[in-house]
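The values are calculated or read from the model by the stated rules, or taken from the named source; none is laboratory data. Fair warning: this is a prediction, and the values are worked out from it, not measured in the lab. Because the Cβ atoms are built from the backbone with ideal geometry, glycine has one as well, and the counts that use them run over all protein chains shown.
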Amino acid sequence: MGRLVVIRDGARCGAENMAADAGLLARHAPGASPVLRLYRWSPPAVSYGYHQDPDDFDREAIARRGWGFVRRPTGGRAILHAQELTYAVVGDAPSARFGDDLHAVYTAINGALTEFLRRLGLTPDVSAGESLAAARGAVCFQSAGRHEVTVGGRKLVGSAQRRHPDRFLQHGSILTGPAHADLLACLRGEDDGPDRRADLLAATTNLGELLGRDCEGPYADELEDLLAAVFQERFG
């Protein structure tokens, strides 16, 4: 098996980020080295799941804020990518490295994500799932689905996967601040009042809050260093 290839792309717009992830999946050949791509978003962008209806979103409100608006190649629910560290993994499935099915891939990658968090001094857990009513909501971070990473019962990492018969893409958001809650103002028919925002923030946490420091700027690069090192130890 080839060694893990790490790509650190810095900050790109939403369309470029999703095209890059989709391109990695399309170009991956069976037996090729797996790829870890780490990146951020500039300007912030709203991404919606492959099967979500774009008409559920107030595009004028998104445009007024100067944000991007892009469909992900994976499923799941909407996310405002603002204060976060984003990862993408492309590899063979089935494979000895990542396992035989969707759940095995999530478990393998979660092993790296939770080890990353433990090295930051945190105590992560992996959610067993959510209620059917919560799963029908439009906002990704309103609840923790199966295989998603939490700390203290609050969601910290949201991930989604796209699979082909011989390869997969999994990407996800590791929250570094509370800006994801601003998504509520851009959903049609969604309550964006202070109580709804407070509920969303109560259901989530972020590295800035957990570590008691600003996780933007130079420290974001240190977080990427650590995340890349842990993935290389696990899969390299």
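Details
- Residue match in the range 93-101 (condition: in contact with a Gly (Cβ under 9 Å, 6 or more places away or on another chain) and closer than 12 Å to Leu169 by Cα): yes
- Long-range neighbours under 8 Å by Cβ, at least six apart or interchain, first residue without any contact (Cβ under 8 Å) to a residue 60 or more places away in the chain within the range 166-195, second part of a loop (DSSP other than H, G, I, E, B): Leu184/Glu190; Leu184/Asp191; Leu184/Asp192; Glu190/Ala138
- Scanning the range 1-19 for residues that are closer than 29 Å to Gly177 by Cα, surrounded by fewer than 20 Cβ atoms within 10 Å (Cβ to Cβ) and in contact (Cβ under 8 Å) with a residue 24 or more places away in the chain yields Leu4, Val5, Val6, Ile7, Arg8, Asp9, Gly10, Ala11, Arg12, Cys13, Ala15.
- Strands (runs of 3 or more DSSP E) fully within the range 145-236 that include at least 2 residues being surrounded by fewer than 18 Cβ atoms within 10 Å (Cβ to Cβ): 154-164.
- Total residues in the range 80-98, condition at pLDDT below 95 and more than 17 Å from Arg3 (Cβ to Cβ): 2
- The strands (runs of 3 or more DSSP E) found entirely in the range 39-135 that carry 2 or more residues being among the acidic types (Asp, Glu) and surrounded by 14 or more Cβ atoms within 10 Å (Cβ to Cβ) are 84-92.
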